Amino acid sequence: MPDRASAAPLRRLLRYGYRLPLLAWHLLVALPLVLLVIAFGGEARAHAAIRWWARGLLRVFGLRVQRRGEPLPGGTLFVANHVSWVDIVALHSQHMMGFIAKAEIRGWPVVGWLTTHAETIFLQRGNADSLGRVMVEMVARLRAGRAVAAFPEGGTRDGGEVGPFHARIFATAIEAGAPVQPVALCYGEGCAAQRIVAFAPRESFLGNFLRLLGEPARPVTVWFLPPIPAQAHSGRRAIAEAARAQVLAAMAQA
């Protein structure tokens, strides 16, 4: 019998063997169906179809979603810790929300499609005018009762820690009078797989995508935490710190 070291590559190959056909079906059959629903089914059915498709993509990767808490309806600013591209899919699997995402994501396979058709607001990093336009659009959507999501760390890390939450994005919730709902994203039992799911140094999106496709099955917890009323804190910095503290506490509890 092979030892554990030699068995691990074999198990990875076996996972590729049955997941690649599932991925092909999800892209070539399920995706066109979702596009038809988006085009002709109305907003409610389109949102349900995107949630269904996102859940299916997670299953292809062996990620079993466990939701804790409930997302607020209506105009809410959702803020979550940022681990990988999978975060967008995990959140979309539970609730429809328009993400603030870097413009480069448009060109990513699969995820680029999902974000483009899911009310994403694209940001040109390092462009002050772009950020201003994004924040104006966020306020308008929140006032119109639509959910918006952001990763206030500003980018992904190595999965070993949750970075500071930048405060500027929270000004939109204050201006719109909208609540902020923190979300903790936890990969693996006890958040033990954060570093595995995160991008490795110099790893491309495609490299991360293919690596995760061969990973063992594991849970991913999407934990919707108690909302923070924008009026309950004195300024955006206080809201940012309160949101980050909730996420850290939930991850420690997990």
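The values are calculated or read from the model by the stated rules, or taken from the named source; none is laboratory data. All values derive from a computational prediction rather than experimental measurement. Don't worry about glycine lacking a Cβ; one is built from the backbone with ideal geometry, like all the others, and counts go over all protein chains shown.
Taken over region 168-206, the criterion of being of a type in the set (S, T, N, Q) and surrounded by fewer than 19 Cβ atoms within 10 Å (Cβ to Cβ) is satisfied by Ser204 alone.
For every residue, the table says whether it meets (1) more than 22 Å from Arg157 (Cβ to Cβ); (2) at pLDDT 95 or above.
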residue	(1), (2)
Leu212	no, yes
Pro219	no, yes
Pro229	yes, no
Ala232	yes, no
Arg237	no, no
Ala243	no, yes
Leu248	no, yes
Ala254	no, no
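For Ala54, state whether it is more than 15 Å from Ile88 (Cα to Cα), in a helix (DSSP H, G or I) and of a type outside the set (Ser, Thr, Tyr). So Ala54 fails the test.
Among (1) modelled with pLDDT under 80; (2) surrounded by fewer than 20 Cβ atoms within 10 Å (Cβ to Cβ); (3) assigned to a loop (DSSP other than H, G, I, E, B); (4) not basic (Lys, Arg), where does Ala118 come up short? Here Ala118 meets the rest and fails (2).
When Arg141, Arg146 are checked against the criterion of being over 18 Å from Leu123 (Cα atoms), buried (at least 16 other Cβ atoms within 10 Å of the Cβ), modelled with pLDDT under 95 and more than 16 Å from the chain's Cα centre (by Cα), a single residue qualifies: Arg146. Being at pLDDT below 95 and surrounded by 20 or more Cβ atoms within 10 Å (Cβ to Cβ) is a condition met by at least one residue of region 19-38. Once region 79-103 is narrowed to residues that are β-branched (Val, Ile, Thr) and in contact with a strand residue (DSSP E or B) (Cβ under 8 Å, 6 or more places away or on another chain), the residue that is nearest to Ala250 (Cα to Cα) is Val79. Looking at region 46-55, is at least one residue in contact with a strand residue (DSSP E or B) (Cβ under 6 Å, 6 or more places away or on another chain), over 24 Å from Leu142 (Cα atoms) and in contact (Cβ under 8 Å) with a residue 12 or more places away in the chain? No, every residue in region 46-55 fails to be in contact with a strand residue (DSSP E or B) (Cβ under 6 Å, 6 or more places away or on another chain), over 24 Å from Leu142 (Cα atoms) and in contact (Cβ under 8 Å) with a residue 12 or more places away in the chain.
Residues of region 62-85 that are hydrophobic (A, V, I, L, M, F, W, C), crowded, with 22+ Cβ neighbours inside 10 Å and modelled with pLDDT of 95 or more: Leu63, Leu77, Phe78, Val79, Ala80, Val83.
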